[in-house]
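The values are calculated or read from the model by the stated rules, or taken from the named source; none is laboratory data. These figures come from a predicted structure and were not determined experimentally. With ideal geometry, Cβ positions are generated from the backbone for all residues, glycine too; neighbour counts draw on all protein chains shown. Protein only, heavy atoms only, side chains kept; ligands, DNA and RNA dropped before computing areas. Shrake-Rupley method; radii C 1.70, N 1.55, O 1.52, S 1.80 Å.
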Amino acid sequence: MTHQILVVEDDPAHARMLKTLIADWGYEVVLADDGDTGVEQVKSRSFDIVLLDMKMKRLSGMEALKQILEYNPSLPVVMMTAYSSVDTAVEALKIGAYDYLTKPLDFDRLKLTLERILERIFLQSENQHLKERLKSTALHHNILGKSPAMAALLDTLNMVAPTDANVLVTGESGTGKELAAAALHDNSPRKDQPFVRINCAAITPTLLESELFGHAKGAFTGADKKRKGKFLLAHKGSILLDEIGEMTLPMQVKLLRVLQEKEITPVGSDDNISVDVRVIAATNRDLKAMAKQGTFRQDLFFRLNVVTVTIPPLRERPEDIPELVLHFLARFSKKNRREIKGVAPDAMDAMIRYAWPGNVRELMNAVERAVVLARTDYITRMDLPFGQTDESETPDRAHGAGHLENTPLSRIEKQAILSTYAAADGNKSETARRLGITRKTLLKKLKQYGKDK
Ligand SMILES: Nc1ncnc2c1ncn2[C@@H]1O[C@H](COP(=O)(O)OP(=O)(O)OP(=O)(O)O)[C@@H](O)[C@H]1O
Ligand SMILES: [Mg+2]
């Protein structure tokens, strides 16, 4: 596409010369012989660049510039000005002109200026396209964590979500498998259709079949009404089969058939109902190992595991902990109507170092408990379940004045002595000196705390 250049110049000879020259460089040139016409042109069609003469009889270049930019603030306008009026040119730059060239024009410079502007426009539009593309594919989710492991996980979710592939989500208990499953559904073309979840471990094996596939009236004792199963409820949407590892082998056979035929048969009925459901399965068990041992059907494993999404345990991504802690802190302060202002550094430290066998769920519960129990408006180590097990082993180093309120003096004394003792590397004379007590008093106290060896 040829670029369109508007030349606004009231000297006909100069205008004609510019037109020939610029057309020669391969651009399309439109001439306007005064400021008013120039502004009219800008409003009536689109240009890539405007070359605007500063000194014109009708409507000055400056005034024309203002009107052009008012109409299209991003249109690059290059002012052409006499040497003697460089001051006004600078003024024009302030108003928003892209650049200025002095007359008589240096043609090489003019050519270069046009090329630079067009290149910049090109890069900007590329950038814009890229941003739009990224925006349109950005994953919507509530999954916190910026560690490389989580970034990789989000990448995978982003790639897999829009497809119809069955996904197996694995990860230790409390790592966020349900959250990941929800993100898969919410970012798929099925997002406006149902997302149905069923916990295969929470339902007795005999009831699971009717839960999944429904039952006919009178199919079994208590089945006084016909009932739709979860698969039918999830029609056109997605189903999360949570804790799939707990499903019995006979049930696995039935599920496999449904996945193969894309049809369900309600309990006690002869009907085959076709269903269109995307299956997301989740488990904290090692299905592959179970398949080897024969406790999980290999063929079902392959069906479910078209793509595996594995969520790393929290202990492998401690850098995610502060963000999670602060998120839960805000959430539970609000929920419990407590104004907790923050987390003492030693408490945060302890949380970062703790291994969290129950992963994010355990962290979440610990933060809620701390919010409820906190004695001051900061969460301290004492408020954490693992922070108070043996305080003599873990002297509180970072106690600020804020944490001292409502604390028994004996405890403050003990903390002061033990943390100073630790900071002085167990040097008793030094500890006594720092605390302003005699060595004898210190020895007595240490003995009391069982630290006299
Ligand atoms: N990355 C995360 N960002 C924010 N919240 C999270 C994250 N991971 C987990 N959670 C929260 O932690 C809790 C546990 O997550 P979820 O129920 O998804 O875990 P799970 O892997 O299904 O656990 P289980 O195996 O015990 O069923 C939920 O409240 C969830 O919202
Ligand atoms: Mg779960």
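List of remarks:
- Here region 148-312 is treated as a Stokes sphere of Kirkwood radius computed over C-alpha pairs; at 10 °C and 1.306 mPa s its diffusion coefficient rounds to 98 µm²/s.
- Extending 7 Å from the Cα toward the beta-carbon at both ASP286 and LEU118 defines two label points whose distance is 6.3 nm.
- A protection proxy built from the mean count of other Cβ atoms within 10 Å ranks the segments 374-380, 142-148, most packed first, as 374-380, 142-148.
- Per residue solvent-accessible surface (Å²) - the chain, probe of 1.4 Å: 54
- Taking amide H as placed 1.01 Å from N in the peptide plane, ILE311 has its amide H under 5 Å from the amide H of THR170, GLY171, each at least 5 places away in sequence or on another chain.
- Karplus-derived 3J(HN,Hα) values for region 204-215, using 6.51 cos²θ - 1.76 cosθ + 1.60 with θ = phi - 60°, are 4, x, 5, 8, 4, 4, 6, 4, 6, 10, x, 8 Hz; glycine and proline are entered as x.
- Ranked by the mean number of other Cβ atoms within 10 Å of their residues, highest first, the peptides 420-433, 185-198 come out as 185-198, 420-433.
- Pairs of Cα atoms nearer than 8 Å and 6+ residues apart set the relative contact order; for the chain it is 10 percent.
- Available extension along the chain between ARG338 and ILE412 is 24.2 nm, counting 0.36 nm per residue and deducting the alpha carbon span.
- All C-alpha to C-alpha distances of region 188-247, sorted into 5 Å bins beginning at zero, yield P(r) values of 4, 19, 24, 21, 17, 11, 3, 1 percent in whole numbers.
- Take 176-182, 213-219, 289-295, 89-95 and order them by the average number of nearby Cβ atoms within 10 Å per residue, most first; the result is 176-182, 213-219, 89-95, 289-295.
- Residue-by-residue Karplus 3J(HN,Hα) for region 364-378, coefficients 6.51, -1.76, 1.60, Hz, glycine and proline x: 4, 5, 5, 5, 5, 4, 5, 4, 6, 8, 3, 7, 10, 8, 10
- Summed residue charge, Cβ within 13 Å of ALA23's Cβ, Lys/Arg positive, Asp/Glu negative: +1
- The chain: C-alpha gyration tensor shape, a/c 1.5 cut-off, then a/b vs b/c: oblate
- Translational diffusion coefficient (Stokes-Einstein; Kirkwood radius from C-alpha pairs) of region 1-129 at 10 °C, 1.306 mPa s, in µm²/s: 109
- Accessible surface of the chain, 1.4 Å probe, proportion on carbon and sulfur as whole %: 52
- Region 321-393 shape via C-alpha gyration tensor axes, a/c threshold 1.5: oblate
- Taken as Cα centroids, region 14-53 and region 56-129 sit 12 Å apart, rounded to the nearest whole angstrom.
- Cα long-axis angle, helix 12-24 against the chain (0 to 90 degrees, to the nearest 10): 50
- Amide H contacts of ARG197 (H built 1.01 Å from N, under 5 Å, at least 5 apart or other chain): LEU240
- Measuring r between the beta carbons of THR295 and PHE386 and using R0 = 30 Å, the FRET efficiency lands at 0.30.
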